[in-house]
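One structure is given below, encoded as structure tokens.
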Amino acid sequence: MLTHYLSWGLLVLGGFLCVSGAIGLLRFPDFFTRMHAASVTDTLAAGMIMCGLMLQAPSWIVFAKLVMILVFILLTAPTSGHALAKAALHSGMKPLLPDSKHAQGGL
Amino acid sequence: MNISGLFNYWVVMVLMMIGFYIVIAQPNLIKKLVGLTLFQTSVFIMYISAGKVTGGTAPILSDSFSLYSNPLPHVLILTAIVVGIATTAVGLSLVVRIKESYGTVEENEIHNRDKS
Amino acid sequence: MEATIHMIILSMLLAVAIAIVRIKDLFAVVMLAGIYGLLSATFFVLMDAMDVAFTEAAVGAGISTLLMLTALSMTGRYASTGSSYKPLLALGLVVFTGAMLIFGTTDLPSIGDPQSPVNTHVGYDYLATTPEDIDIPNVVAAVLASYRGFDTFGEVVVIFTAGIGVLALLMRTPLNTSAVASMRDHVVLRVVAKMLIPLILLFGLYVQFHGEYGPGGGFQAGVIFASAFFLYAMLFGLGAARKVINMTLVRLLSALGVLIYGSVGLVSMLNGHNFLDYNALAANPIDGQHYGIILVELGVGITVASVMIIIFFTFSSRSQNEGDSD
Amino acid sequence: MFTAAAIAVLVAMGLALVRAFAGPTLYDRILAVNVFGTKTVLLIAIAGFLTGRPEFLDIVMVYALMNFIAGIGILRFFEYASAKEATSQNQIKEH
């Protein structure tokens, strides 16, 4: 019973984080803030939803597969996010700072 | 007329026509190939939708289920997807050759160059 | 409830398709085509087509995006804005055809109807006879490799031919490709990829040999196996990748897969049965079916993997040779 | 419960799609595609539980893998193409 409520809470919290991250992706002013909103919540939300599903797993094999998927996501999502931010910075795109309102270069 | 029972088919037709429109109205050859992919995928969706059985599950047998969706469309589409990528690759290599000989991948410019 | 989720995904597909028509930046178009592949694969999962979703995710979202991007790096990024075409004429034709097709759908049986002609014919027989004839849980694999093995043989030959076609159109003797742009700056990416590549190869083998019991099989495994090599080639450069895999060997392997498939058929013919009748492969017909399916899927996997590797490497070495000659 | 999570993920997918359409730079689109891919992975994992057959999670693995590879591919070819564009523009100026 306890695991049921726990998994319920994790799933709902994960769903909330997904939506809030996506709103940040949509509403924030420049690329780097959007990236921050998207990648931070993304990783946490993925972890929470996967953990919520793990608590409901009917068998050990399903549990193990979920763990592997989670490890894979935790490895790849920050890596590709890092590579993307680095590529953007190298291409001359500058973070939007309060004192330089029109500094955003790029494409 | 039941809307939810035919909605998939209508979306498929609209997707198919969008792909068709890209193929006939956009001069860029790469975009034409993307349009062809859209068209192809819409056909896949149509086949898979036709094979769905309400209340059924994936056709991988298990003791706890008795009703399965139709496996035959799945087989046909599975092979069609891989053949589709192979033909797309041939199409792309033709586009690359066209670019090398004509210097452009816009269809109207290719026609102009052929005329002159 | 499920119908609502289906409708939401289909509407997203429509939105992506319309965006593809309107956007001129071909990089964005290719990325949206990748999203389109992911979305349609999601739809296939919801429609119970696990194997199809597997293939579409690997091919539609992964490989085809990579191939289109490689081609784009040779043909230029933007589509021209001005066009001598008459879009209104095309629009009229498309709307007319679409209206006729939608009118035609009103006669189709509604989706999910178990009594529709599609679902009452051979497809249902396969479900009923697979446990006694072949005795593997995945009916899709059974139909693919055994009941319709001849069909699949044709598809494998088509894929092999496409590989030859790409080679014939684009092959050049490889120049010295050691100094090409690999992603040397991305250290983190390279380290993580080095950790992942063996796991991807292992996963490909799992998909190959687990295909009779769950979603998977030769087609999917071939694509996954090849994608590990793509990852290596993208991150460490084509020159390094060429040291890892011998292209002549890959070309031989692509033919070997077709050969394995065909010889399984020939062996059953020599034993006095029909072409690709696996009952002849062992004393017990069900064992024969199991051997036949494993061998045939292996042939499919080898051909698909090597043809995908051939296609990708031919494309990329073409684009890099161009870069060198500039 | 699974439905609630699925709907939240779908909403997030829709918002990411809007960002992918709107742009403005190509990096924003790549980011949106990345987020979209991760959300699809979650959606498929939830859908497995929703339809009562969670044993087919192998598919989720392929999604995550292909999302990663396609993301790297986009980045790599975009960097390559922009480098090439810069050199060819210089050449045009010289001619």
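Each reported figure results from applying straightforward, stated rules to the coordinates on display, with no laboratory input. A quick note: this is a predicted structure, and the numbers were derived from the prediction, not measured. All Cβ positions, even for glycine, are placed from backbone atoms using ideal geometry, and neighbour counts span all protein chains on display.
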Worksheet item: Near the amide H of B:N28, under 5 Å away, which other amide H atoms are found, from residues 5 or more places off or on another chain, if H is placed in the peptide plane?
Response: B:E107
Worksheet, complete the sentence: Going through A:K86/B:K31; B:K32/C:K24; B:K31/B:K99 one by one, the pairs whose alpha carbons sit over 18 Å apart turn out to be A:K86/B:K31
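Based on the alpha carbons, how large is the Rg to Rh ratio for the range C:241-307 when Rh follows Kirkwood?
Result: Rg/Rh = 1.13.
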Practice prompt. Read phi for every residue in the range C:107-112 and hand back ³J(HN,Hα) as whole Hz from Karplus 6.51 cos²θ - 1.76 cosθ + 1.60, θ = phi - 60°, with x for Gly and Pro.
Written response: 8, 6, x, 6, 5, x
Discussion item. Angle check, please: helix B:3-25 long axis (alpha carbons) against the longest principal axis of chain B (alpha carbons), in degrees 0 to 90, nearest 10.
Written reply: 10
Practice prompt. Pull up the cross-link candidates among the aspartates and glutamates for D:K39, meaning alpha carbon to alpha carbon under 14 Å and not fewer than 8 places away within one chain.
Written response: A:D42
Discussion item. Nearest 10 degrees is fine. How inclined is helix A:60-90 to the longest principal axis of chain A, computing both from alpha carbons?
Written reply: 0
Practice prompt. Go ahead and estimate [θ] at 222 nm for chain C from helices alone: -39,500 (n - 2.57) per DSSP H run with n ≥ 4, summed, over the residue count, rounded to 500.
Written response: -24000 deg cm²/dmol
Worksheet entry | Table column - 3J(HN,Hα) (Hz), the range C:48-54, Karplus curve with 6.51, -1.76, 1.60, x for Gly and Pro | 6, 8, 4, 5, 5, 4, 3
Discussion item. Averaged over its residues, how many other protein chain Cβ atoms are within 10 Å of peptide C:258-265's Cβ atoms?
Written reply: 0
Practice prompt. Along Cα→Cβ, 7 Å out, is where each label goes; now give me the distance between the ones at B:S62 and C:Q115 in nm to one decimal.
Written response: 2.9
Discussion item. Quick check: net charge around D:V33, other residues with Cβ under 12 Å of its Cβ, Lys/Arg +1 and Asp/Glu -1?
Written reply: +2
Fill in: Interchain or long-range residues, amide H under 5 Å from C:D113's placed H
B:T54
Worksheet item: Which whole number gives the average, over all residues in B:106-115, of C-beta atoms from other chains lying within 10 Å of the residue C-beta?
Response: 2
Item to complete: Could you sort A:71-84, B:100-113 so that the peptide with the highest average Cβ count within 10 Å comes first and the rest follow in order?
Response: A:71-84, B:100-113
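If you take each beta carbon of peptide A:35-44 and count the beta carbons of other chains within 10 angstrom, what is the mean?
3
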Worksheet entry | P(r) tail fraction, chain A - alpha-carbon pairs more than 17 Å apart, % | 62
Discussion item. Starting from the Kirkwood Rh over alpha-carbon pairs, what translational D in µm² s⁻¹ does chain C have by Stokes-Einstein at 20 °C and 1.002 mPa s?
Written reply: 95
Fill in: Under 15 Å, Cβ to Cβ, from B:I45 - net charge with Lys/Arg +1 and Asp/Glu -1
-1
Practice prompt. Enumerate the calculated ³J(HN,Hα) couplings along the range C:284-296 in order (Karplus 6.51 cos²θ - 1.76 cosθ + 1.60, θ = phi - 60°), each rounded to whole Hz, writing x wherever the residue is Gly or Pro.
Written response: 8, x, 5, 4, x, 4, 4, 4, x, 5, 5, 5, 5
Fill in: Long-range amide H partners of B:Y68 with built H, under 5 Å
B:T57
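Where does each of C:99-106, C:307-314 land if you order them by average Cβ count within 10 Å, highest first?
Sorting C:99-106, C:307-314 by mean packing, highest first, produces C:307-314, C:99-106.
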Worksheet item: Rg and Dmax of the protein assembly as shown, Cα atoms, in Å?
Response: 24.2, 85
Practice prompt. Using label points projected 7 Å from each Cα along Cα→Cβ, tell me how many nm separate C:D133 and C:T161, to one decimal.
Written response: 2.7
Practice prompt. Can you tell me the FRET efficiency between D:S82 and C:T248 if r is taken as the Cβ-Cβ distance and R0 is 30 Å, rounded to the nearest 0.05?
Written response: 0.30
Worksheet, complete the sentence: Relative to chain B, whose Cα atoms define the longest principal axis, helix B:71-102 and its Cα axis are tilted in degrees, nearest 10, by 10
